[in-house]
1. If the only charges are +1 at each Lys and Arg Cβ and -1 at each Asp and Glu Cβ, what is the size of the charge dipole of the chain around the Cα centre, to the nearest 20 debye?
2. In whole Hz, what ³J(HN,Hα) sequence does the range 539-552 give by Karplus (6.51, -1.76, 1.60; θ = phi - 60°), x for Gly and Pro?
3. For the range 393-399, take each phi angle, set θ = phi - 60°, evaluate the Karplus expression 6.51 cos²θ - 1.76 cosθ + 1.60, and give the result in whole Hz per residue in order, putting x for glycine and proline.
4. Just give me a number: lysine pairs in the range 368-482, eight or more positions apart or cross-chain, with C-alpha atoms less than 30 Å apart.
5. Give the lysines reachable from residue 147 as a straight Cα distance under 30 Å; neighbours fewer than 8 places away on the same chain don't count.
6. Would you please put 211-217, 505-511 in order of how densely packed they are, using the mean number of other Cβ atoms within 10 angstrom per residue and starting with the highest?
7. Give the lysines reachable from residue 64 as a straight Cα distance under 18 Å; neighbours fewer than 8 places away on the same chain don't count.
8. Going by average Cβ neighbours within 10 Å, how do the peptides 355-364, 329-338 rank, with the highest at the top?
Amino acid sequence: MQYTVNQDTLPSPQNSEMYSTSDIKLENLSSFNVNVSNILREISVAAKYLKKARIHSRGSKTQKALDYASKHVDAILRDFGSSFEEVTKRKMYESRNACPEYYVNKMNGYKIKECSHATPLEHIVTFVRLDHGSNIGTDFFKDGYGKNIRMVVGDYGGKVKESSNVLVRPMEAKITEGAALNILMKQVKTEYTLILRNATALDLNARIERLVREIEILNVSAVGGAIRNSDNVWSLGCHQRAFRNYTVVFNEGYDESMHDCQFCDHIDGPFLIKTTLLNQIQFDSDLTPMGLYEDFFMRLNGEVALCADALFDMDFPRRSAETKDWEKFGRKRNLYRLKFSFGLTINFGCNYDYPCKRQKGFIRSPCCIQELADLSYGFMNMCEQINASCQLNAGTILGAVKMYNVIPWEADADINYWCNDFQKLKINGLKLASIGIRVGTERNSPCKPGAAPAILGARSKHWHADIWSRDTVEPYEVRAKNRNVTRIPHNGHLLNGMRNPALFARNMYSNIFLHSQHHSEIGFKKIYKFTKCPISNNHDCLDNYYEDGNLQFGDPVP
């Protein structure tokens with residue numbers, strides 16, 4: 001079967017920044033015999049990812065590009081008798097345990113249809129909460145709501161009394177919140193569990209029936225509601241999350257909604273979840289409250305919905321501004337930085353035994369990159385102090401040109417020096433041991449044209465720098481001629497480079513702004529495509545990145 005693209009039906013972007021369909025040679029497409037048996041399915045799958053990317057994109061250039069791409073895919077799908085919106089629309093499911101609702105009018109709002117399959121909440125939902133010495137007791141339920149539903153309480157304060165539907169489990173102070181929740185979960189026998197995080201009361205506004213209906217209709221991993229604190233301040237608590245470059249960013253807000261519920265990556269308030277899934281994921285009993293729920297929703301790794309018309313009274317989550325309070329979460333995720341959109345930023349820094357994964361297919365951690373940058377700076381700064389002529393070389397100058405920093409998949413550092421400075425560099429290099437840099441001679445050689453380079457080596461904990469002599473280097477020549485040395489930004493410092501660093505890098509490598517892995521990983525071939533990551537979908541996989549552009553290596557945007 002033949003399939004011919006009709007160029008006239010394809011929407012063309014009216015923007016000089018974008019490619020037009022006239023840039024693509026289409027006149028001979030009709031001569032190709034194309035098997036279309038899988039084309040519709042593949043285009044439909046691509047359309048779903050396009051729509052997901054379009055929904056979550058916040059950059060104007062990206063939004064325009066995705067919009068144009070979606071229109072072109074729509075044109076192709078229409079020739080197959082379908083459309084972009086049709087193949088990407090979310091599938092709705094029927095609720096097995098709740099009757100459907102319907103909208104009446106402005107005066108009456110939503111009503112529930114009568115149905116024969118509704119299941120009483122007490123048969124399918126169990127409440128789980130922790131109490132830290134409040135005086136709530138059995139007055140937790142307001143307006144008589146939920147009194148027939150079983151609740152399991154972890155009691156840290158010894159003030160909660162058992163009743164016909166309240167099971168109390170005393171908790172010692174040394175038991176972490178995550179461990180306590182895992183203990184309580186063992187008492188849950190119903191299909192769903194409602195984790196009443198920090199809840200202070202439960203009344204009709206919680207609308208548990210609505211949460212049951214939506215977790216089944218939307219087919220999400222968990223569903224929660226809005227929250228109101230003791231000062232009667234209302235909060236949505238729906239966050240989008242991005243995890244990249246060893247940084248996690250939480251941004252409160254939403255990109256997509258359905259049934260008056262928002263899709264989130266993380267929610268702040270109580271949430272309803274399938275008990276089997278909760279038992280599978282569990283809470284990390286080693287974590288403190290700072291990071292406990294952030295970690296849980298990261299491991300849940302599925303869509304979460306928040307229906308804001310379900311309202312819970314609770315104490316707002318307290319997020320400490322102290323790095324030490326987040327330390328266990330940060331170390332578990334090997335984080336360099338944690339950011340929240342309301343202004344809180346936790347910088348974990350590198351004052352710990354950080355990982356320096358130098359495996360094929362992975363990006364280096366910020367601390368690992370910092371160590372290599374410090375190695376280069378330590379040696380170059382010593383050169384300045386003793387008036388030796390040194391300059392960045394090879395991949396190190398390339399990284400400075402491309403990124404003002406170390407290339408994130410770098411394998412070493414490269415520095416050149418004027419060969420007449422060999423002895424004083426060798427002697428003064430020994431002093432760098434005080435900052436964790438060990439300098440030694442790897443090859444001695446006379447300083448004369450045509451001689452093999454004299455090589456020094458500098459090592460830090462995880463890295464090595466190749467420091468090669470040259471019988472002439474630009475800083476020496478430039479100084480001799482009373483001209484200014486070119487200094488190039490590199491990880492926050494200005495270091496000596498060639499007079500025209502980009503020209504030097506271009507002559508050495510070509511296509512300098514495209515990305516190619518280090519030759520130790522792929523050999524000396526110029527391949528502008530990252531190799532497949534050994535661990536699929538890991539946040540530090542190199543193939544998560546494009547083979548062009550440096551902005552993607554900054555902090556992620558959720």
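The numbers here are math on the coordinates, done by the rules we state, and not lab data. This is a predicted model, so every value here is computed, not measured. With ideal geometry, Cβ positions are generated from the backbone for all residues, glycine too; neighbour counts draw on all protein chains shown.
1. Numbers: 70 positive and 63 negative charges, 283 e Å.
So the dipole magnitude of the chain works out to roughly 1360 debye.
2. Going residue by residue, I get 5, 9, 6, 5, 6, 6, 10, 8, 8, 7, x, 10, 5, 5 Hz, with x marking Gly and Pro.
3. Values, residue by residue: 9, 6, x, 6, 5, 4, x Hz.
4. Taking the Cα cut-off of 30 Å, the pair count is 11.
5. Leaving aside lysines fewer than 8 places away in the same chain, those within reach of residue 147 are 111, 113, 159, 161, 186, 189, 274.
6. Ranking, from highest mean packing down: 211-217, 505-511.
7. Cross-link targets: 48, 51, 52.
8. Numbers: 355-364: 17.9, 329-338: 19.6.
Per-residue mean Cβ counts within 10 Å order the peptides as 329-338, 355-364.
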